[in-house]
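The values are calculated or read from the model by the stated rules, or taken from the named source; none is laboratory data. Here the structure is a predicted model, which means the values were calculated and not measured. Note that we place each Cβ from the backbone using ideal geometry, even for glycine, and neighbour counts take in every protein chain shown.
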Amino acid sequence: MALALILSISLVQTCGAQTDTPDSAASLTMRDNEIRICNAILSAFSDVMSPEERAILQEIELRIPMDYDLTRVIAYRQDGRVIEISFGFFGTMIDASNNWTLAEYYATQDPDIFNKYEAYYKYLNDAIDQNEQSIGENHPKLQRFAEFAGIPAETQAQIMSQSDVRDVQVKLEFATIAYVLAHEIGHHVLGHVDAPPAATAAESRERESQADQYAFSLTMRAGFTAFGALPALAFFEAAEGKAADPDASHPLAYCRIFGAWMYTLDQLAADQKFAPLFEKMPGMLPGAPQYNALKAQLAQDCS
């Protein structure tokens with residue numbers, strides 16, 4: 001029931017608020033809409049949680065501060081359990097999921113579109129870094145993804161006006177937000193926020209990997225696709241690249257994306273109702289040569 005409620009909510013495009021001041025009426029209205037969406041997702045999670053998980057969820061206060069920090073999302077304790085997602089991060093994730101949908105449907109016309117998607121978020125990250133180093137100066141207007149990727153405006157409008165594309169777009173938007181929330185809930189459920197700070201970078205990365213696995217499981221139990229993680233993680237991959245930093249507190253987003261893909265394949269393959277899907281792509285079944293090659297690549301790049 002909660003999932004049906006979620007899909008009935010009409011999303012406001014939060015990325016449009018980036019030109020508003022943080023306390024403008026438009027921004028506050030969008031933030032209120034974000035809170036409604038999050039509450040609906042949390043309700044869907046509650047429906048499938050164990051009593052122990054649900055008790056922890058009920059203690060969590062969700063905060064969406066009105067600022068444009070594009071990377072702040074965190075779980076912590078402060079007179080209770082807290083998940084904090086900045087207004088800017090929330091809008092960026094919705095924009096990323098919408099761009100991912102456009103790329104998915106434009107891929108038949110441009111096989112290189114996902115490389116352009118990755119390049120676009122590298123471009124955004126570079127612009128963010130430059131802006132932070134020159135606060136108070138006038139900055140050039142950033143390109144939107146379709147313009148950056150060379151997608152004609154009429155083609156974009158034609159693709160995004162299709163009812164099936166809009167359905168995928170809305171579901172991916174919610175799945176992306178659901179993944180972010182589920183990951184932070186995982187830090188509470190798994191006891192990370194109650195434990196002493198990680199003693200090493202390796203221990204911190206292990207906690208993040210555990211929260212990822214929890215998020216994949218919770219989102220799928222609630223009826224969201226684990227692929228909702230992809231737009232969020234692609235944003236971080238653009239900033240990180242694929243070179244591992246031994247001192248990093250989080251696993252490489254590239255490895256998290258790859259892990260999400262393989263985890264989803266394993267979960268779908270274990271569910272008989274998805275058997276027809278694997279009849280169309282038998283190489284992706286666990287144990288098949290194509291699946292084994294991907295698994296080996298994951299181990300090589302991310303172990």
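Answer yes or no as to whether Ile85 is in contact with a Cys (Cβ under 9 Å, 6 or more places away or on another chain) and at pLDDT below 85.
no
Collect the residues in the stretch 38-80 that are assigned to a loop (DSSP other than H, G, I, E, B) and of a type in the set (Asp, Glu), keeping them in residue-number order.
Answer for the stretch 38-80, where residues must be assigned to a loop (DSSP other than H, G, I, E, B) and of a type in the set (Asp, Glu): Asp67, Asp69, Asp79.
Any idea which of (1) in the same structural domain as Leu230 (by TED's automatic domain parsing); (2) assigned to a loop (DSSP other than H, G, I, E, B) is the one Pro286 doesn't satisfy?
Result: Pro286 fails condition (1) only.
Take the residues of the stretch 160-191 that are modelled with pLDDT of 95 or more and surrounded by fewer than 19 Cβ atoms within 10 Å (Cβ to Cβ): which is farthest from Ser97 (Cα to Cα)?
Across the stretch 160-191, the extreme among qualifying residues is Gly191.
So, in the stretch 77-98, how many residues would count as being without any contact (Cβ under 8 Å) to a residue 40 or more places away in the chain, in contact with a Pro (Cβ under 9 Å, 6 or more places away or on another chain) and more than 17 Å from Ile35 (Cα to Cα)?
Qualifying residue count, the stretch 77-98: 0.
Using the structure shown, decide if Glu208 is touching a Lys or Arg at 6+ places or on another chain (Cβ under 9 Å), of a type outside the set (A, V, I, L, M, F, W, C) and either at pLDDT 90 or above or not assigned by TED's automatic domain parsing to the domain that holds Gln297 (or both). Please lay out each step first, then the result.
Numbers: touching a Lys or Arg at 6+ places or on another chain (Cβ under 9 Å): yes; of a type outside the set (A, V, I, L, M, F, W, C): yes; either at pLDDT 90 or above or not assigned by TED's automatic domain parsing to the domain that holds Gln297 (or both): yes.
In short, yes.
Restricting to the stretch 30-55, give me the number of residues that are surrounded by 15 or more Cβ atoms within 10 Å (Cβ to Cβ) and either among the small types (Gly, Ala, Ser) or over 21 Å from Phe224 (Cα atoms) (or both).
5
Filter the stretch 101-127 down to the residues that are hydrophobic (A, V, I, L, M, F, W, C) and buried (at least 18 other Cβ atoms within 10 Å of the Cβ), then identify the one that is modelled with the lowest pLDDT.
My answer is Leu124.
Out of all the residues in the stretch 252-303, which are over 30 Å from Ser204 (Cα atoms) and either in contact (Cβ under 8 Å) with a residue 40 or more places away in the chain or surrounded by 12 or more Cβ atoms within 10 Å (Cβ to Cβ) (or both)?
Residues satisfying the conditions are Ala269, Phe274, Leu277, Phe278, Met281, Gly283, Met284, Leu285, Ala288, Gln290.
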